[in-house]
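**Student:** One structure is given below, represented as structure tokens, and several questions about it will come after.
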Amino acid sequence: MKNAAQPSGAGGAGLAATLVRYIDGTLVIACIVLAISSLVVMFLSLMAEVVVRYVTSQGMGWPSEMPNILFPWLVMSGVVLGAQRGQHIAVTALLRFLGRTGNRILLLALQVLIAVTFFYLAYVGLDVLEITGSEEFPVTGITAFWAYLALIAGFIGLGVTALTTLVQLCQASNPLSVRMHHIEDDI
């Protein structure tokens, strides 16, 4: 029986395939936990603010800062999940004209470009963290570092996803079967 997490044609045997599945699984779980936690904490804190404001006619203040801190984590975890599941925006017109070898070369080159770009953005983002790290939200005293850290974490997640996809593309008999099941249906 085939592992549901393993894409078709991924060459299930071998250390690289096992490592890729572990890394991808860990990223997916981390992103799901981040997304759900962000939503729950934002909802509960804003609900508490509404209840307290209704009962006492005064607000607590800090709940209004939670979306500023947590929304970037929600967005970036969703972006990484989309990339992990191959549900990102893809241009398929060129893939229609290329054969299997052409598709493999194009998709490998794209993954290298994506990995380099997002790892570079994460590196540049470290400067942003240094600049914004001292900015504090007035009520909670939490620094903007935590909100901007979501971007860097997301960029790293996207870079790692590109690398694991690169490994899967190298091992796959059909390059379009790797995280791109929706493309296969169109071509």
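**Student:** Give me the compactness ratio for the range 15-186, meaning the Cα radius of gyration over 2.2 N^0.38 Å. Each step should come with its number before you reach the end.
**Tutor:** Details: Rg = 20.1 Å, N = 172, 2.2 N^0.38 = 15.6 Å.
So the range 15-186 has a normalised radius of gyration of 1.29.
**Student:** For the range 33-86, what are the per-bin percents of Cα-Cα distances with bins 5 Å wide, up to the bin holding the maximum?
**Tutor:** It works out to 4, 21, 22, 17, 13, 10, 6, 4, 2, 1, in whole percents.
**Student:** Amide H to amide H, which residues 5 or more places from ILE142 or on other chains are under 5 Å from it, using H placed in the peptide plane?
**Tutor:** PHE137
**Student:** A follow-up question, please. With a cut-off of 8 Å between alpha carbons and a minimum separation of six or more residues, what is the relative contact order of the range 15-186 in percent?
**Tutor:** On the way: 181 pairs, mean separation 49.3, N = 172.
Normalised by residue count, the contact order of the range 15-186 is 29 percent.
Values in this text are rule-based calculations from the coordinates and carry no lab data. Just so it is clear, the model here is predicted, and its values are computed rather than measured.
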